[in-house]
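Scroll down for the structure; my scribbles are underneath it.
The numbers here are math on the coordinates, done by the rules we state, and not lab data. Computed from a prediction, not measured in an experiment: that's the story for all the values here. Backbone-built Cβ (ideal geometry, glycine too); neighbour counts: all protein chains shown.
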Amino acid sequence: MKKIINTVMLILPCFYLYSQDIAQWRGPNRNGIYVEKGLLRKWPEKGPNLIWHYDGLGEGHTSAVVTTEGVFTTGMTDGKGFVFAFNHLGKLLWRSGYGPEWELNYEGTRSTPHVVGNRLYLMSGQGKLICMDCSDGKIIWSIDLIREYGARNLSYGMTENLLSDGNILYCTPGGTDAGMIALDRNTGKLVWKCRINGEKSAYCSPIMVRLRDKKIIITIMEKSICAVDASTGSLLWTHKYENTYSVHPNIPIYNDGMLFCTAELGVGSIMLKISNDGSSAKEVWTSRMLDPVCGGAVAFSGGIYGTGYSDYKLTCLDWNGGKELYSIRNFAPGSIIMNDGLLYVYSEKGRIGLVEPGASGFNIISTFNVPMGSGPHWAHLVIHNKRLYVRHNNALMVYDLAMNR
């Protein structure tokens with residue numbers, strides 16, 4: 001009996017780690033900050049060593065997601081969307097189609113897959129929500145959000161990097177009666193829906209904020225920042241936040257009761273203070289000094305870092321007051337992530353920089369130009385197991401960041 005118990009105890013930790021293998025857009029906490037050690041703090045003149053690449057993804061702007069089992073991303077060929085799965089040596093394991101993708105403007109796939117254990121979740125630009133088996137790409141369930149939840153497609157195609165918590169998958173169709181929905185991620189069955197004042201979605205990806213007594217989901221709809229009770233689907237509050245074309249692709253950032261949101265097209269950045277129970281929010285400051293297109297921002301050690309669209313600058317704002325602390329006219333517009341105190345900035349023109357934020361300015365340590373792919377560079381960078389994953393339309397490139405290898 002003791003031998004059996006010991007065997008079970010050995011198996012359980014392995015099962016637990018596999019079941020909790022979650023890979024999602026903008027890193028483990030959806031905030032663009034990665035937590036790896038032992039990475040190069042200066043790159044070779046031509047950039048880090050290229051380990052492998054794949055040049056047949058088709059059109060798309062999605063990042064890779066990386067798990068212990070493999071690498072997943074999407075692409076569009078002849079108007080149809082596909083999920084690609086690779087092993088860590090770069091071998092294509094499978095390619096699975098899921099239906100029509102977005103072809104009208106800035107064509108290609110737009111939402112990065114969300115992986116939990118052996119399940120992959122994805123929203124297409126045409127409003128189809130899909131659950132796949134990661135081992136072979138077989139579709140387990142799918143939902144037409146436009147037909148079933150009244151989703152209204154957008155000028156640039158429906159876009160959302162999905163969020164999950166336990167067995168619940170959260171999604172923002174933007175229907176008149178179903179602004180946000182919670183689904184059983186195993187079956188696709190509805191748990192709750194929230195109207196959110198009938199607003200359309202606005203390309204934003206939600207975050208979960210864990211307060212002392214509850215969890216809340218925060219996203220940006222076409223006219224407002226909103227918070228929904230994660231357990232019940234009750235709308236907690238909204239705060240007006242509009243720009244010219246209702247385009248809000250930058251994910252909110254939460255830290256210690258404060259919520260930062262940013263957008264281009266005439267609105268800039270805003271900081272809100274959320275009440276202790278999550279039932280309300282009030283404006284703390286606004287700033288026009290940081291307005292990324294779709295590249296996001298990162299918050300670290302009292303600063304907010306991102307690239308502006310109106311001034312074409314890489315900028316650091318003060319978290320507490322919104323004042324510009326310093327900036328440089330470089331890398332903007334572009335996307336940004338951080339690891340171990342260093343910024344990784346990927347400009348829309350294809351230049352990647354390793355940048356150190358200092359007390360009074362930026363120190364550009366290393367740069368290199370992305371050698372493959374075509375069109376705008378919109379996919380966000382990914383760091384996993386000392387590798388840098390770079391997507392540029394039809395090409396996926398994987399670079400070695402290990403300090404000692």
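Annotations
- Among the listed pairs Lys214/Lys240; Lys189/Lys282; Lys42/Lys349; Lys138/Lys200, those beyond 27 Å (Cα-Cα): Lys189/Lys282; Lys138/Lys200
- Residue order, fewest to most beta carbons within 10 Å, for Glu222, Glu283, Glu101, Glu348: Glu283, Glu348, Glu222, Glu101
- Distant-in-sequence amide contacts of Arg185, defined by a placed amide H-H separation under 5 Å and a gap of 5 or more residues or a different chain, comprise Ile168, Leu169.
- Dividing the summed helix terms, -39500 (n - 2.57) for each DSSP H run of n ≥ 4, by the number of residues in the chain produces a 222 nm estimate of -1500 deg cm²/dmol to the nearest 500.
- Rounded, prolate or oblate (a/c below 1.5 giving rounded, otherwise prolate when a/b exceeds b/c) for the stretch 142-237 by Cα gyration tensor: oblate
- Residue pairs, from the table Lys193/Lys273; Lys215/Lys386; Lys37/Lys273, whose Cα atoms sit over 30 Å apart: Lys215/Lys386; Lys37/Lys273
- Rounded, prolate or oblate (a/c below 1.5 giving rounded, otherwise prolate when a/b exceeds b/c) for the chain by Cα gyration tensor: rounded
- Order of Ser327, Ser124 - criterion: other Cβ atoms within 10 Å of each residue's Cβ, fewest first: Ser327, Ser124
- Taking the square roots of five times each eigenvalue of the Cα gyration tensor of the stretch 334-398, the equivalent ellipsoid has semi-axes of 21, 13, 9 Å, listed largest first.
- By the rule of a C-alpha distance below 14 Å, with chain neighbours fewer than 8 residues away ignored, the aspartates and glutamates paired with Lys323 are Asp291.
- The H on the amide N of Trp237, modeled in the peptide plane, is under 5 Å from the matching H of Ala227, each at least 5 residues off or on a different chain.
- Charge sum, other residues only, whose C-beta stays under 11 Å from Gly157's C-beta, Lys/Arg counted +1 and Asp/Glu -1: -3
- Derived scalar couplings ³J(HN,Hα) [the stretch 364-375; Karplus, 6.51 cos²θ - 1.76 cosθ + 1.60; whole Hz; x for Gly, Pro]: 7, 7, 8, 9, 7, 9, 5, x, 10, x, 8, x
- Choice from Phe362, Phe331, Phe82 showing the highest fluctuation, given a GNM over the chain with Cα pairs closer than 10 Å: Phe362
- Taking other C-beta atoms within 10 Å as the exposure proxy, Ser360, Ser201, Ser275 rank Ser360, Ser275, Ser201 from fewest upward.
- Restricting the trypsin sites (Lys or Arg not before Pro) of the stretch 31-81 to loop positions (DSSP other than H, G, I, E, B) with no more than 16 neighbouring Cβ atoms within 10 Å leaves Lys37, Arg41, Lys42, Lys46.
- The stretch 75-172: C-alpha gyration tensor shape, a/c 1.5 cut-off, then a/b vs b/c: oblate
- FRET efficiency estimate (nearest 0.05) - Cβ-Cβ, Thr176 to Asp318, R0 35 angstrom: 0.30
- Over the stretch 254-387: Rg over Rh, Cα atoms, Kirkwood Rh: 0.99
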